[in-house]
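Remarks on the structure that follows.
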Amino acid sequence: MNPFLYTQPADLDGVLAEIALQDARPVAGGTNLLDLMKAGVPPADLAAPQRLVDITRIAGLDGIEEDGGGLRLGALARNADTAYHPLVRERYPLLSSAILAGASAQLRNMATNGGNLMQRTRCIYFYDTGTPCNKREPGSGCPAREGLNRQLAILGASEHCIATHPSDMCVALRALDATVHVRARDGQRSIPFADFHRLPGEHPERDNTLEPGELITHLSLPDADRFAAHSAYLKVRERLSYAFALVSVAAALDIQGGSIRAARIALGGVAHKPWRVEAAEALLAGRAPDAGAFAEAAELLLQGARGYGENDFKLPLARNAIVQALGMAARGTAYAKGERA
């Protein structure tokens, strides 16, 4: 047993006061945090949370609503509610498809939008407390570089860590230029999604740029109607369901008169954060949506990629997945079907 104090403040001010304490962590769905606690894997910069602050009683953070020309997604909205919301399905089908590609129906019913951003890597060395891991214990080493790395990074890694970010939802949010809005006791700020997650560098123990005492309140998405008709989320994984991506691709195209006016491409399963290279998208502007152009974009997206032995196969896999996902998007959005489980 790992003893801890559980509190449930009634409002946002109460939550912000509680999570400002050094030994506290917020919890909502708890689908990753509780697993980590059971496994004895500590959160970043904390030996073990002594205080879990239940944030689910905060009013007004579970909504999904229009925001100017875009959309506002509450941090406490459940992943399933987000994926099946009419505004998301119709105007942001890329996001809906990405969420439905992740986890199981049961997990999506519990997991929240804010919590999805805070997921930690599924690198097996991170979860195995009997082995070194720089992300879990800075300075202890990274055996994954020469070890079991089939699932791990081919882009943006460092000598200290080759872990990957596990989320599918975040890949679509990166492609759609989302913004993360956070609050603390002393103010609030907005973080472009590109700057929220970070590469490992010399500090792989830090997954993101959230400061102590800050709480995600909501996400905002700009108008993306021009991409709604031509988008696709392709996830390549070991088995059909409940598996993390070997490689995933979020692709969206604005096609008019037989040529591409704009493109958005983000990759998952290949780096410590959702991977995007804007130059690859610019290369497609004004081009016909064909395999030749898509292959050129793939080369730019994967510039600098390298394998570590077991995951060498990801290089050709990622290249082929990018071309295939862009081809799927060009043929037209396949809207997620079925009802909520």
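The values are calculated or read from the model by the stated rules, or taken from the named source; none is laboratory data. Because the structure is predicted, anything quoted here is derived from the model rather than measured. We place every Cβ from the backbone using ideal geometry, glycine too, and count neighbours over all the protein chains shown. In case anyone asks, the SASA skips ligands and DNA or RNA and just uses the protein heavy atoms, side chains included. Shrake-Rupley method; radii C 1.70, N 1.55, O 1.52, S 1.80 Å.
How big is the stretch 54-161 by the Kirkwood estimate over distinct Cα pairs, in Å?
It works out to 16.4 Å.
Of all the C-alpha pairs in the stretch 1-40, what % are more than 12 Å from each other? The partial results should precede the final answer.
Working: 503 of 780 pairs.
Counting pairs separated by more than 12 Å, the tail of P(r) holds 64 percent.
If you wrap a convex hull around the C-alpha atoms of the stretch 1-115 and split its volume per residue, what is the figure in Å³? Don't skip to the answer; put the middle values down first.
Details: hull volume 13.9 nm³, N = 115.
Hull volume normalised by residue count: 121 Å³.
Take the Cα atoms of the chain, build their convex hull, and give its volume per residue in Å³.
Values: hull volume 44.2 nm³, N = 341.
Spread over its residues, the Cα hull of the chain gives 129 Å³ apiece.
How many angstrom lie between the Cα centre of the stretch 231-308 and the Cα centre of the stretch 133-163?
So the separation of the two Cα centres works out to 24 Å.
How far is it, in nm, from the label point at Ala229 to the one at Asp128 when both lie 7 Å from their Cα along the line to the Cβ?
Rounded to a tenth, the inter-label distance reads 5.1 nm.
Given the rule -39500 (n - 2.57) for each run of at least 4 DSSP H residues, summed and divided by the residues of the chain, what is its mean residue ellipticity at 222 nm, to the nearest 500 deg cm²/dmol? Please list the in-between numbers first.
On the way: 13 runs with 97 residues, N = 341.
Rounded to the nearest 500, the figure is -7500 deg cm²/dmol.
Per 10 Å bin from zero, what fraction in whole % of the C-alpha pairs of the stretch 153-253 is there, up to the bin with the longest pair?
Taking every Cα pair in the stretch 153-253, the percentages come to 13, 36, 37, 14, 1.
Using the beta-carbon distance between Ala20 and Ser104 and R0 = 30 Å, what value does 1/(1 + (r/R0)^6) give for FRET efficiency, to the nearest 0.05? Can you show the working numbers first?
Numbers: r = 34 Å, r/R0 = 1.14.
Efficiency at R0 = 30 Å is approximately 0.30.
Just to verify a number: FRET efficiency for Lys38 and Ala10, C-beta to C-beta distance, R0 = 35 Å, to 0.05? Write down the numbers at each step before the final one.
Working: r = 28 Å, r/R0 = 0.80.
The pair Lys38/Ala10 has a calculated efficiency of 0.80.
Keeping all protein chains in place, calculate the accessible area per residue for the chain (probe 1.4 angstrom), answer in Å².
Working: 14580 Å² over 341 residues.
In whole numbers, the chain has 43 Å² accessible per residue.
Given Cα pairs under 8 Å that are at least 6 residues apart, what percent is the relative contact order of the chain?
Values: 767 pairs, mean separation 60.1, N = 341.
Rounded, it is 18 percent for the chain.
Return the Cα extents of the stretch 245-304 along principal axes one, two and three, sorted largest first, each rounded to a whole Å.
37, 19, 17
Between Ala59 and Asp177, what is the label-point separation in nm under the 7 Å Cα-to-beta-carbon projection?
Inter-label distance under the simple model: 3.5 nm.
Using only C-alpha atoms and all pairs of different ones, pull out the Kirkwood radius for the stretch 100-173 in Å with one decimal.
Answer for the stretch 100-173: a Kirkwood hydrodynamic radius of 13.6 Å.
Got a number for carbon plus sulfur as a percent of the chain's accessible area, 1.4 Å probe? List each step's numbers first, then the result.
Working: 7460 of 14580 Å².
Carbon with sulfur: 51 percent of the solvent-accessible area.
For the stretch 101-118 and the stretch 47-98, write down the distance between their C-alpha centroids in whole Å.
10 Å
Quick one: accessible surface of Arg91, probe radius 1.4 Å, all protein chains present, in square angstrom to the nearest 10.
Around 40 Å² of this residue is reachable by solvent.
Take every Cα-Cα pair in the stretch 225-326 and report what % of them are more than 22 Å apart.
Pairs farther apart than 22 Å: 27 percent.
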